[in-house]
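The values are calculated or read from the model by the stated rules, or taken from the named source; none is laboratory data. All figures in this text were calculated on a predicted structure; none of them were measured in a lab. Glycine gets a Cβ as well: all are built from the backbone with ideal geometry, and neighbour counts include every protein chain shown.
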Amino acid sequence: MAQKPTFDYDIIVIGSGAAGAPAASILARAGKKVAVVERGTFGGESPNWGDMPLGAMLYAAEVFYNAKRAAKFGLRTNALNYNHPSLLSWRDTVIKRTGAGGNRYYYEKQGISVFSGNAHFLSPNEITVNRRHLSARKFLIATGAAWEKSTIPGSDKIPYLTPENILSLTRPPKTLFIVGGNATAMEIAYLYASFGTKVYVAEKANRILPEFDIEVGPIVAEDAKVSRNMTILTRSRVVALQKEGLQKRVTYIQGRQQKSVRVDEILVAEQRVPQTDMGLENAGVAYTHQGITVNARMQTSARHIFAAGNITDPAIQTHAVLTQSRTAAHNLTHRTAIEADLTPNLLVAFTFPEVAQVGLNEQECIKRDLRYKTAVAPLTLTARSNITDCRNGFVKLIIDTKGVLIGAAIVAPHASDLISELSIAVRHRLTAKQLISTPSCFTSWSEATRIAAGKLL
């Protein structure tokens, strides 16, 4: 009788970020023998250079900006200033508080074996890490995505920044040119503009934040210009980068006109690419330029190998990554499988004001040839807007022919919190009538949801 093969581990998790770390912890608590392989910084993007440190510095920037405008409320702010080394210290404190940021002991204390280096599949059940062979019954691939290397002419001859390293600047640059107008790019734009940097944003599309509803980009762009003195360049394509003394020159085409500007720093944040270079062919794992192909159970074409996070879709945000991670962990340990439910699709940008979207946006409704109705409630219709003197923003609702909410977009302070109510409403197919009948605090931002729903009746 043939003996069952023996393996070094029950499960090897490749990647220790938001897709890998939660799953590894769940698997270890379930009594599985688990190893984590990390080729970069332990904890990955979210705690080290993404959500947490960027969020920490954005919060400080928001406090600083609000304090500067506090004179209109009768508060004295003449001596207001900031200390950038202290800001970086606050960033580092937040990273440390996560526990996982740059910390392999986070995993070791859970009984998880840890290996540093590049994982490469030799066969469906075996990998090599720095010439060390490791085998496992099952695998979870969670290597994420990286910001694509710039192909702009001249980018190979001058240093430029990415979202991964920009927060390590020892001081804010006087001028910053950002290539890309997506959520991450705009968050960084608001961060540095709040501390006095002259920021330029170049986006190929006809509006910034093109991943959001069509009405979002223009209002955020207008706020960026008025409140932060940003220069927003839509329908703009950067065609050359070059060194010019101590500075750098950016040449771009806007419409049919070629223009250029001289700046201190350049940030390239256009697109992310999945990290698939690990010998997936040797394991029988199918993938494309968009990442590893998985089913709703997070299972790859090799039944014993699962994948989760940005390795499956570079565009999904951390909350979706976490859902995928938990789903994969369950299916790696249970015979009864579950599926990752990412509906309704939720997107957030931590700009000032924040942006949040759930379900379908209007462009998607048009593409699907759906019959729909929209209503927009400007923030100025709310009592909260008058109380805070915050005038820019709106709540937009989209319903189908039966009055059921199928999508929503918010530009407002605390939009990331406000969207939760509408996310529940979309998932559970609530109607505009049900929304308006649900009480909301008169002096809260959520009043805008009630007002928008009222316009749909």
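Surrounded by fewer than 13 Cβ atoms within 10 Å (Cβ to Cβ) and either of a type in the set (Lys, Arg) or out of contact with any helix residue (DSSP H, G or I) (no Cβ under 8 Å at 6 or more places or on another chain) (or both): which single residue out of Gly284, Gly255 fits that description?
Exactly one residue qualifies, and that residue is Gly255.
Residues in segment 98-110: is at least one among the aliphatic types (A, V, I, L, M) and at pLDDT 95 or above?
There is no residue in segment 98-110 that is among the aliphatic types (A, V, I, L, M) and at pLDDT 95 or above.
Just name the residue that is farthest from Gln271 (Cα to Cα) out of those in segment 140-160 that are of a type in the set (A, V, I, L, M, F, W, C) and out of contact with any Pro (no Cβ under 9 Å at 6 or more places or on another chain).
So the residue we want is Leu140.
Filter the helices (runs of 4 or more DSSP H) completely within segment 9-87 down to those with at least 1 residues that are touching a Pro at 6+ places or on another chain (Cβ under 7 Å) and at pLDDT 95 or above.
Once the helices (runs of 4 or more DSSP H) in segment 9-87 are filtered for at least 1 residues that are touching a Pro at 6+ places or on another chain (Cβ under 7 Å) and at pLDDT 95 or above, nothing remains.
Condition (residue is assigned to a loop (DSSP other than H, G, I, E, B), of a type in the set (Ser, Thr, Tyr), more than 30 Å from Arg171 (Cβ to Cβ) and under 26 Å from the mean Cα position of the chain (by Cα)) applied to segment 287-297: is it met by at least one residue?
yes
If we keep just the residues of segment 258-278 that are among the aliphatic types (A, V, I, L, M) and under 22 Å from the mean Cα position of the chain (by Cα), which is surrounded by the fewest Cβ atoms within 10 Å (Cβ to Cβ)?
Restricting to residues being among the aliphatic types (A, V, I, L, M) and under 22 Å from the mean Cα position of the chain (by Cα), the top hit is Val273.
Scan segment 258-281 for residues that are within 26 Å of Glu187 (Cα to Cα), out of contact with any helix residue (DSSP H, G or I) (no Cβ under 8 Å at 6 or more places or on another chain) and not acidic (Asp, Glu) and jot them down.
Scanning segment 258-281 gives Lys259, Ser260, Val261, Arg262, Val263, Ile266, Val268, Gln271, Val273.
Test Asn206 against the stated conditions and say whether it is outside the structural domain of Lys367 (by TED's automatic domain parsing), under 19 Å from Thr162 (Cα atoms) and not in a strand (DSSP E or B).
No; evaluated as a whole, the condition is false for this residue.
Quick check: is even one residue across segment 181-195 touching a helix residue (DSSP H, G or I) at 6+ places or on another chain (Cβ under 8 Å), surrounded by fewer than 21 Cβ atoms within 10 Å (Cβ to Cβ) and in a loop (DSSP other than H, G, I, E, B)?
yes
Does segment 52-64 contain any residue that is in contact with a helix residue (DSSP H, G or I) (Cβ under 6 Å, 6 or more places away or on another chain), hydroxyl-bearing (Ser, Thr, Tyr) and not assigned by TED's automatic domain parsing to the domain that holds Met186?
Within segment 52-64, none of the residues are in contact with a helix residue (DSSP H, G or I) (Cβ under 6 Å, 6 or more places away or on another chain), hydroxyl-bearing (Ser, Thr, Tyr) and not assigned by TED's automatic domain parsing to the domain that holds Met186.
Looking only at segment 305-348, count how many residues are in the same structural domain as Ala28 (by TED's automatic domain parsing), under 15 Å from Ile419 (Cβ atoms) and in contact with a strand residue (DSSP E or B) (Cβ under 8 Å, 6 or more places away or on another chain).
Adding up the residues that qualify gives 3.
Quick one: which residue in Thr449, Thr438, Thr443 is in contact (Cβ under 8 Å) with a residue 24 or more places away in the chain and more than 29 Å from the chain's Cα centre (by Cα)?
The unique qualifying residue is Thr443.
Please find, within segment 271-297, the residue that is nearest to Leu122 (Cα to Cα) out of those that are hydrophobic (A, V, I, L, M, F, W, C) and touching a residue at least 60 places away in the same chain (Cβ under 8 Å).
Checked segment 271-297; the qualifying residue nearest to Leu122 (Cα to Cα) is Ala283.
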